[in-house]
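Input: a single structure, listed below in structure tokens.
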Amino acid sequence: MHSIYRINTKELDRSFIDALKVSYPDKEIEIIVYEVDETAYLLSSEANKKHLLKAIENVKNKSNLVEVDIENLE
């Protein structure tokens with residue numbers, strides 16, 4: 001069995017450790033930590049990458065933008 005936990009370091013506390021102990025009682029576990037690069041994740045799908053790069057181009061060219069009147073938001 002394996003689990004992937006995605007958590008911000010600010011949220012790490014004793015309850016996280018306790019949850020691990022409950023999930024894997026009396027077991028040897030391995031913990032691998034790496035920093036998540038959100039940009040790389042968002043660009044990993046070719047369709048998503050194309051969409052995001054087009055949106056960046058639109059912002060640079062000030063085209064296809066949507067204006068929102070914050071005062072009229074409900």
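Scanning region 44-55 for residues that are surrounded by 10 or more Cβ atoms within 10 Å (Cβ to Cβ) and either among the aliphatic types (A, V, I, L, M) or on the phi > 0 side of the Ramachandran plot (or both) returns LEU52, LEU53, ALA55. Counting the residues of region 18-29 that are assigned to a helix (DSSP H, G or I) and surrounded by 10 or more Cβ atoms within 10 Å (Cβ to Cβ) gives 5.
What are the residues in region 30-43 that are surrounded by 10 or more Cβ atoms within 10 Å (Cβ to Cβ) and either part of a helix (DSSP H, G or I) or at pLDDT 95 or above (or both), if any? TYR41, LEU42 - these are the residues of region 30-43 that are surrounded by 10 or more Cβ atoms within 10 Å (Cβ to Cβ) and either part of a helix (DSSP H, G or I) or at pLDDT 95 or above (or both). Residues in region 44-74 that are part of a loop (DSSP other than H, G, I, E, B) and hydrophobic (A, V, I, L, M, F, W, C) were compared, and the one that is modelled with the highest pLDDT is LEU65.
Just a yes or no: is a residue in region 5-17 among the basic types (Lys, Arg) and assigned to a loop (DSSP other than H, G, I, E, B)? Yes, that holds for at least one residue.
The values are calculated or read from the model by the stated rules, or taken from the named source; none is laboratory data. These numbers were taken from a predicted model, which means no experiment stands behind them. Here the Cβ is made from the backbone with ideal geometry for all residues, glycine too, and neighbour counts use every protein chain on show.
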